[in-house]
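Below is one structure, written out as C-alpha coordinates; the observations come after it.
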Amino acid sequence: MGRDLAIDLGTANTLVYRQGEGIVFDQPTVVAMNASSGKVEAMGDQAWKMIGGRSGSVVAVRPLRHGVMTEFDVTQRMLEVVMRRVGTVRFPKPRVLACISSDSSEVERRAVEEAVRFAGGRGVVLVEESLAATIGAGLPIHEPIGNLFFVNGAATTE
(Lines give C-alpha, C1' and ligand atoms only; values in the text may rest on other atoms or scores of the structure.)
Protein backbone atom coordinates (compact mmCIF):
# COMPACT_ATOMS: atom_id res chain seq x y z
CA MET A 1 0.00 0.00 0.00
CA GLY A 2 1.43 3.36 -1.03
CA ARG A 3 1.15 6.38 1.15
CA ASP A 4 1.37 9.06 -1.54
CA LEU A 5 -1.95 10.80 -2.14
CA ALA A 6 -3.52 12.89 -4.88
CA ILE A 7 -6.34 15.18 -3.75
CA ASP A 8 -8.88 16.90 -5.97
CA LEU A 9 -10.63 19.53 -3.88
CA GLY A 10 -13.71 20.18 -5.94
CA THR A 11 -16.58 22.56 -5.37
CA ALA A 12 -19.05 19.66 -5.32
CA ASN A 13 -16.92 16.61 -4.43
CA THR A 14 -13.53 15.82 -2.95
CA LEU A 15 -11.61 12.88 -4.41
CA VAL A 16 -8.54 11.22 -2.93
CA TYR A 17 -6.38 8.80 -4.87
CA ARG A 18 -3.85 6.62 -3.06
CA GLN A 19 -0.93 5.22 -5.01
CA GLY A 20 -1.43 1.52 -5.60
CA GLU A 21 -5.08 1.49 -4.48
CA GLY A 22 -6.92 3.95 -6.69
CA ILE A 23 -9.67 6.28 -5.47
CA VAL A 24 -10.11 5.76 -1.73
CA PHE A 25 -12.37 8.74 -0.98
CA ASP A 26 -15.15 10.30 -3.06
CA GLN A 27 -17.61 12.38 -1.08
CA PRO A 28 -19.31 15.78 -1.20
CA THR A 29 -17.22 18.81 -0.26
CA VAL A 30 -19.46 19.85 2.59
CA VAL A 31 -18.70 20.16 6.29
CA ALA A 32 -21.23 19.97 9.14
CA MET A 33 -20.20 22.39 11.87
CA ASN A 34 -21.61 23.09 15.28
CA ALA A 35 -22.90 26.66 15.01
CA SER A 36 -22.14 27.53 18.63
CA SER A 37 -18.69 25.97 19.08
CA GLY A 38 -17.38 26.03 15.48
CA LYS A 39 -16.33 22.39 15.84
CA VAL A 40 -16.40 20.18 12.74
CA GLU A 41 -18.99 17.48 13.41
CA ALA A 42 -18.80 15.60 10.12
CA MET A 43 -17.71 15.78 6.50
CA GLY A 44 -19.10 14.48 3.22
CA ASP A 45 -22.04 12.09 3.25
CA GLN A 46 -22.15 12.10 7.06
CA ALA A 47 -22.45 15.90 7.02
CA TRP A 48 -25.54 15.77 4.80
CA LYS A 49 -27.21 13.34 7.23
CA MET A 50 -26.54 15.56 10.27
CA ILE A 51 -27.87 18.83 8.88
CA GLY A 52 -31.15 19.89 10.46
CA GLY A 53 -30.97 17.06 12.98
CA ARG A 54 -32.10 16.92 16.58
CA SER A 55 -30.61 20.13 17.92
CA GLY A 56 -30.68 22.26 14.78
CA SER A 57 -27.33 23.76 15.78
CA VAL A 58 -25.47 21.98 12.98
CA VAL A 59 -24.93 24.04 9.84
CA ALA A 60 -23.55 23.06 6.46
CA VAL A 61 -20.48 24.85 5.14
CA ARG A 62 -19.10 24.53 1.63
CA PRO A 63 -15.47 25.67 1.96
CA LEU A 64 -14.92 26.05 -1.81
CA ARG A 65 -16.80 28.25 -4.23
CA HIS A 66 -16.23 28.28 -7.99
CA GLY A 67 -13.22 26.00 -7.54
CA VAL A 68 -11.53 28.37 -5.09
CA MET A 69 -11.04 27.95 -1.35
CA THR A 70 -13.10 30.56 0.48
CA GLU A 71 -12.91 29.16 4.03
CA PHE A 72 -9.28 28.35 4.88
CA ASP A 73 -9.84 27.07 8.43
CA VAL A 74 -12.81 24.91 7.43
CA THR A 75 -10.90 23.49 4.46
CA GLN A 76 -7.95 22.66 6.68
CA ARG A 77 -10.16 20.88 9.23
CA MET A 78 -12.01 19.09 6.42
CA LEU A 79 -8.70 17.85 4.98
CA GLU A 80 -7.69 16.57 8.43
CA VAL A 81 -10.91 14.52 8.53
CA VAL A 82 -10.33 13.25 4.99
CA MET A 83 -6.76 12.20 5.76
CA ARG A 84 -7.90 10.39 8.90
CA ARG A 85 -10.57 8.55 6.91
CA VAL A 86 -8.13 7.38 4.26
CA GLY A 87 -5.84 6.07 6.98
CA THR A 88 -2.82 8.36 6.84
CA VAL A 89 -2.53 8.49 10.63
CA ARG A 90 -0.90 5.04 10.58
CA PHE A 91 1.98 6.32 8.46
CA PRO A 92 4.36 9.25 8.49
CA LYS A 93 3.02 12.28 6.69
CA PRO A 94 2.14 11.35 3.10
CA ARG A 95 3.41 13.25 0.09
CA VAL A 96 0.44 14.98 -1.52
CA LEU A 97 -0.34 16.11 -5.04
CA ALA A 98 -3.23 18.59 -5.05
CA CYS A 99 -5.20 19.67 -8.10
CA ILE A 100 -5.94 23.36 -8.51
CA SER A 101 -7.76 25.47 -11.04
CA SER A 102 -5.55 26.80 -13.85
CA ASP A 103 -6.65 30.35 -13.17
CA SER A 104 -5.78 30.23 -9.45
CA SER A 105 -3.78 33.17 -8.16
CA GLU A 106 -0.54 32.77 -6.22
CA VAL A 107 -2.42 33.52 -2.99
CA GLU A 108 -4.98 30.79 -3.74
CA ARG A 109 -2.19 28.34 -4.61
CA ARG A 110 -0.37 29.04 -1.35
CA ALA A 111 -3.62 28.66 0.60
CA VAL A 112 -4.22 25.17 -0.83
CA GLU A 113 -0.61 24.20 -0.20
CA GLU A 114 -0.74 25.41 3.42
CA ALA A 115 -4.12 23.79 4.11
CA VAL A 116 -2.80 20.41 2.91
CA ARG A 117 0.40 20.82 4.91
CA PHE A 118 -1.46 21.83 8.09
CA ALA A 119 -3.82 18.86 7.62
CA GLY A 120 -0.90 16.43 7.70
CA GLY A 121 0.57 16.31 4.19
CA ARG A 122 4.17 16.94 3.22
CA GLY A 123 5.97 17.66 -0.02
CA VAL A 124 2.83 19.25 -1.44
CA VAL A 125 2.89 19.58 -5.22
CA LEU A 126 0.23 21.58 -7.03
CA VAL A 127 -0.93 20.49 -10.50
CA GLU A 128 -3.50 22.24 -12.64
CA GLU A 129 -6.70 20.23 -12.99
CA SER A 130 -6.64 20.27 -16.77
CA LEU A 131 -3.08 18.87 -16.87
CA ALA A 132 -3.95 16.18 -14.33
CA ALA A 133 -7.03 15.18 -16.35
CA THR A 134 -5.04 15.09 -19.58
CA ILE A 135 -2.40 12.83 -18.04
CA GLY A 136 -5.12 10.66 -16.51
CA ALA A 137 -6.75 10.26 -19.92
CA GLY A 138 -3.46 9.00 -21.31
CA LEU A 139 -2.91 11.80 -23.80
CA PRO A 140 0.70 12.38 -24.85
CA ILE A 141 1.57 15.67 -23.16
CA HIS A 142 5.24 15.58 -24.16
CA GLU A 143 4.66 15.17 -27.90
CA PRO A 144 4.35 18.16 -30.26
CA ILE A 145 0.73 17.48 -31.21
CA GLY A 146 -2.42 19.34 -30.38
CA ASN A 147 -5.25 18.00 -28.25
CA LEU A 148 -8.39 19.71 -27.07
CA PHE A 149 -9.43 18.69 -23.60
CA PHE A 150 -12.33 19.97 -21.48
CA VAL A 151 -12.52 19.63 -17.71
CA ASN A 152 -16.12 20.20 -16.68
CA GLY A 153 -16.40 20.67 -12.92
CA ALA A 154 -19.37 21.61 -10.80
CA ALA A 155 -18.46 25.30 -10.76
CA THR A 156 -15.87 25.84 -13.49
CA THR A 157 -15.04 24.53 -16.94
CA GLU A 158 -11.50 24.61 -18.25
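Here are the numbers for this structure:
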{"item": "Label-reachable residues, the stretch 13-34, where backbone N falls under 16 Å from a point 7 Å from residue 62's Cα toward its Cβ", "result": "13-15, 27-33"}
{"item": "Whole-number D in µm²/s for the chain (Stokes-Einstein; Kirkwood sum over Cα pairs; 20 °C, 1.002 mPa s)", "result": "131 µm²/s"}
{"item": "Per residue, in Å², the accessible surface of the chain once ligands and nucleic acids are set aside, probe 1.4 Å", "result": "56 Å²"}
{"item": "Percent accessible area from carbon and sulfur atoms, the chain, protein chains only, probe 1.4 Å", "result": "53 percent"}
{"item": "Exposure ranking of 72, 118, 150, 25 by accessible area [1.4 Å probe, largest first]", "result": "150, 118, 72, 25"}
{"item": "Using a Förster distance of 25 Å, the FRET efficiency for residue 122-residue 23 (Cβ separation, nearest 0.05)", "result": "0.70"}
{"item": "Degrees separating the helix 106-119 axis from the principal Cα axis of the chain, which is the longest one", "result": "60 degrees"}
{"item": "Ellipsoid equivalent to the stretch 47-138 - semi-axes via the Cα gyration tensor, in Å", "result": "25, 18, 13"}
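The values are calculated or read from the model by the stated rules, or taken from the named source; none is laboratory data. If you're wondering where the values come from, they're calculated on a predicted model, not measured in any experiment. In this analysis, Cβ positions are derived from the backbone assuming ideal geometry, glycine residues included, and neighbour counts consider all displayed protein chains. Accessible surface areas use protein heavy atoms only, side chains included; no ligands, DNA or RNA. Shrake-Rupley method; radii C 1.70, N 1.55, O 1.52, S 1.80 Å.
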